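Notes to accompany the following structure.
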Amino acid sequence: MPLLEIYSKAPEDPNYDPNRLEISDQLSTFIVQMENLLFTTPGEVLGVPNFGVGLNEVVFSLTANESSIREKILSQFRQYIPLLFSFFSVTVDVQYFETVEKRGVLVDIIVNDQRVLGMLF
């Protein structure tokens, strides 16, 4: 029996499908679960105080570095999406960068050697 998730893409997403209500393929299901973990701040989910990476806050923490961000993400994936690692090879790439105009952080989630999520802060 396939895993089912509510279709939660925003209308601004270039791959948005207004006629979809749910997703059932494994990778899409895991991507939704990863997005939920990445952008949920710990303490936001009642009864599960440690759920969430809080990526928006973590990348700008004064004590964070590439390694600590990567490990926090992987730790949350292992704890809350354990089946992910049974079906896929998952890596997290975190890079700080600096240009003339700004500094930032690039976070990529790579599944089976293909980037499935990329976030720029």
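The values are calculated or read from the model by the stated rules, or taken from the named source; none is laboratory data. From a predicted model like this one, the values you see are computed outputs, not experimental measurements. Cβ: placed from backbone, ideal geometry, glycine included. Neighbour counts: every protein chain shown.
Quick notes on this one:
- Boolean, Val92 is in contact (Cβ under 8 Å) with a residue 12 or more places away in the chain and not basic (Lys, Arg): yes
- Asp17 passes every criterion in (1) in contact with a helix residue (DSSP H, G or I) (Cβ under 9 Å, 6 or more places away or on another chain); (2) exposed (fewer than 15 other Cβ atoms within 10 Å of the Cβ); (3) modelled with pLDDT under 90 apart from (1).
- Subset tally (residues that are under 16 Å from Arg103 (Cα atoms) and touching a residue at least 40 places away in the same chain (Cβ under 8 Å)) for region 49-71: 3
- Qualifying residue in region 91-112 (condition: under 21 Å from Gln33 (Cβ atoms), hydrophobic (A, V, I, L, M, F, W, C) and exposed (fewer than 14 other Cβ atoms within 10 Å of the Cβ)): no
- Selection from region 3-26 of residues that are within 19 Å of Pro82 (Cα to Cα) and under 16 Å from the mean Cα position of the chain (by Cα): Glu5, Gln26
- For region 22-79, taking the residues that are among the aromatic types (Phe, Trp, Tyr) and either modelled with pLDDT under 95 or in a helix (DSSP H, G or I) (or both), the one that is farthest from Leu106 (Cα to Cα) is identified as Phe30.
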